[in-house]
Amino acid sequence: MATVKLSAPASQWVGGRKSLGRGPSVRPSFRRVSVPVVRAGSYTHELVQTAKSIASPGHGILAIDESNATCGKRLASIGLDNTEANRQAYRQLLLTTRGLGEYISGAILFEETLYQSTTDGKKFVDCLHEEKIVPGIKVDKGLVPLPGSNNESWCQGLDGLASRCAEYYKQGARFAKWRTVVSIPSGPSALAIKEAAWGLARYAAIAQDNGLVPIVEPEILLDGDHPIERTLEVAEDVWAEVFYYLAQNNVVFEGILLKPSMVTPGAEHKDKASPETIAKFTLKLLHRRVPPAVPGIMFLSGGQSEVEATLNLNAMNQGPNPWHVSFSYARALQNTVLKTWQGLPENVEAAQKALLVRAKANSLAQLGCYSGEDENEEAKKGMFEKGYTY
Amino acid sequence: MSAFVGKYADELIKTAKYIATPGKGILAADESTGTIGKRLASINVENIESNRQALRELLFTSPNALSYLSGVILFEETLYQKTTGGKPFVDVLIENSVIPGIKVDKGTVEIAGTNSETTTQGFDSLGARCQQYYKAGARFAKWRAVLKIGPTEPSELAIQQNAQGLARYAIICQENGLVPIVEPEVLTDGNHDIKKCAAVTEKVLAAVYKALNDHHVLLEGTLLKPNMVTPGSDSPKVTPEVIAEYTVAALRRTVPPAVPGIVFLSGGQSEEEATLNLNAINKLEVVKPWTLSFSFGRALQQSTIKKWAGKKENVPAAQQAFLARCKANSAATLGKYAGGNADAAASESLYVKGYKY
């Protein structure tokens, strides 16, 4: 019988590196409790430890797993060509930011980046280890049209997933991410929800089997003019389906993380919702659908401005929650950074400072302590694009 | 549609929360006429209405016992009975801040084509019956679904059938003002180990909550009445701490925090066992966002019934025994039970193989 100690120190982690030893926790410390593992795989203990370390107080995830095409859009917005050298330079800027590990516990990479190094030849994965940031890897192969649906999509990537995960594990990744989408203006159809949930469940089981903590991401797109109540309805349906299929696939819940969208009105709805309203509806969703065994819920920003994303997260952390409620932001962490960098080496330091500013703000939001002072105009700009494709 | 919010939503939420008050629990006194006959037979008492009334009056008028209870589940006959002094039982309970509940299922029948697996009956006119019970003072209901562990059991059919049944019952209750207690009991019968019980319990609960969600049940206005996770009745026993770890792990993996309270069934455990296990569950230092309490039938009444033996002169002593069990379980819900001054009756196993309600 395999039992997993819930609060045991993170012993051997990432192939022999030292334990994370995070700073003082704001949560009361519990004595060690064994989590009986009824269906243990060979990685179960490590998965539980990794998920817990990513879901630690005051920390969240930096999502920099933009595909080459999407990264190209970011670079184009500051007048740079989409070359490997530019992508490498940009990721180097982000991943060599000193002190990032104080606020960031995990970084999601695109495959190319997982194998890249700094211009000095230091592996990006090693840069992350130094900051005690767990490397993660996007493993899905993108969205394609779902036949028989109402113009909806499904997410590809199960073929060969097991061996890819095993390779990524060898390279140092310890968590994975798979993003599928659900569109409210398209229904969503029961078919689309079922496919989204089943694909996620299969991916999650395969990832765990190969040593990677699966981040489960069914993004309910912001597109639409629906009210917040409708978003809650759809979110409850989607998450009920997701958890049921995860259970049917014997996924170990203590070894996963969620990446939901917050419950907000559609982008074209006439009324905007306050952070308090968004928090209320989102927490209602979480309380009705997420079993406490899941260690962490890391929200996506999905087109919100940097400040909105921080304010909303802060509003959700004004009271104790049975799971770690945090962030996994891409645009909402990188927008100002990009604009500050402009592709110029002399701006790297300032850009890294900007990254720390956003990371710290979201860290405070995770602790419910964000005050919102000193935010500039750029950070308040919304980033919603209608019909946005990754 | 999101969760159903009918005209009773606020009341349901309030009632469920109250029943889940830390330090309190439920007395399951809803034995059908046939079943209570077995209890009376064990003390050589005739199964007639006046004796059934006498036993329930003994329980409900036990000095101070009601302060440890937030609810009592009644059988239909009892809902309309009175004390010998003429006071309706329902009033006795309500005056002591105990919420009356009502068993609404009509027992189990076998599912054809399975290996003696069952489904639960009781849907006909359930809505109308709930309305009547609400008028009579009931504010929560109970419906018991049963699953068993075997080489090929529980089957997917039995799981789905029982989960759908519980969900349909639950929404009908909520439409009519009663908080549904959702009870998917996985029987202990068998020689399986605790891991098997855990796997089955988790599978069943996942299916139950999927069904509840599909039926738009308002989770904040429900309670769960599950089995504890234990080895099979023919397997070696384990300590309360082990039972606690497996039980809480199973619940943490399946029960959303919106559910305010989980009230365990005792299912054949002795009075003392049930209390010790409940205590260990509440001592476990892990996040448990619902209260974890009791809804015990046999494990609250066994020694009380034995002490009474049907004799009027034994009533005070029997009531003392009942008070002792209520107090012990109340302490257990707070993780503060100091352990038995249990007498022989309290330690007696109440397991009956192939037990039929």
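The values are calculated or read from the model by the stated rules, or taken from the named source; none is laboratory data. Bear in mind that the values here come from a model prediction, so they are computed numbers and not experimental data. Every residue, glycine as well, gets a Cβ built from its backbone with ideal geometry; the counts of neighbours run over all protein chains shown.
Counting only strands (runs of 3 or more DSSP E) that sit completely within region A:142-194, those holding 2 or more residues that are within 13 Å of residue A:219 (Cα to Cα) correspond to A:153-155, A:175-182.
Looking at region A:230-272, which of the residues that are of a type in the set (Ser, Thr, Tyr) and in contact with a strand residue (DSSP E or B) (Cβ under 9 Å, 6 or more places away or on another chain) is surrounded by the most Cβ atoms within 10 Å (Cβ to Cβ)? That would be A:231.
Can you tell me which residues in region B:189-225 are small (Gly, Ala, Ser), outside any loop (DSSP other than H, G, I, E, B) and out of contact with any helix residue (DSSP H, G or I) (no Cβ under 7 Å at 6 or more places or on another chain)? Across region B:189-225, the qualifying residue is only B:199.
The set of residues from region B:90-123 being closer than 19 Å to residue B:14 by Cβ and in contact with a helix residue (DSSP H, G or I) (Cβ under 8 Å, 6 or more places away or on another chain) comprises B:90, B:93, B:96, B:97, B:98, B:99, B:100, B:102. Taking only pairs six or more apart or across chains, which ones have beta-carbon atoms under 9 Å, a first residue in region B:197-220 that is facing chain A (nearest Cβ under 7 Å) and free of Cβ contacts under 8 Å to residues at least 12 places away in the same chain, and a second residue that is basic (Lys, Arg) and assigned to a helix (DSSP H, G or I)? So the pair list comes out as B:213/A:288; B:213/A:289. Within region B:9-51, the residues that satisfy the criterion of being crowded, with 19+ Cβ neighbours inside 10 Å, under 23 Å from the mean Cα position of the chain (by Cα) and part of a loop (DSSP other than H, G, I, E, B) are B:20, B:24, B:30, B:31.
Checked against (1) under 24 Å from residue A:216 (Cβ atoms); (2) out of contact with any helix residue (DSSP H, G or I) (no Cβ under 8 Å at 6 or more places or on another chain); (3) of a type outside the set (Phe, Trp, Tyr); (4) in contact (Cβ under 8 Å) with a residue 60 or more places away in the chain, residue A:362 passes all but a single condition, namely (2).
Do you know which of the residues in region A:254-281 that are among the β-branched types (Val, Ile, Thr) and within 12 Å of residue A:232 (Cβ to Cβ) is nearest to the other protein chains (Cβ to nearest Cβ)? Ranking the qualifying residues of region A:254-281, first place goes to A:263.
Set side by side, the residues A:302, A:296 differ, and just one is at pLDDT below 95 and either within 19 Å of the chain's Cα centre (by Cα) or of a type in the set (Lys, Arg) (or both), which is A:302. Scanning region A:200-220 for residues that are in contact with a Ser or Thr (Cβ under 7 Å, 6 or more places away or on another chain) and surrounded by fewer than 21 Cβ atoms within 10 Å (Cβ to Cβ) yields a total of 1.
The set of residues from region A:333-349 being assigned to a loop (DSSP other than H, G, I, E, B) and either of a type in the set (A, V, I, L, M) or within 25 Å of the chain's Cα centre (by Cα) (or both) comprises just one member, A:344.
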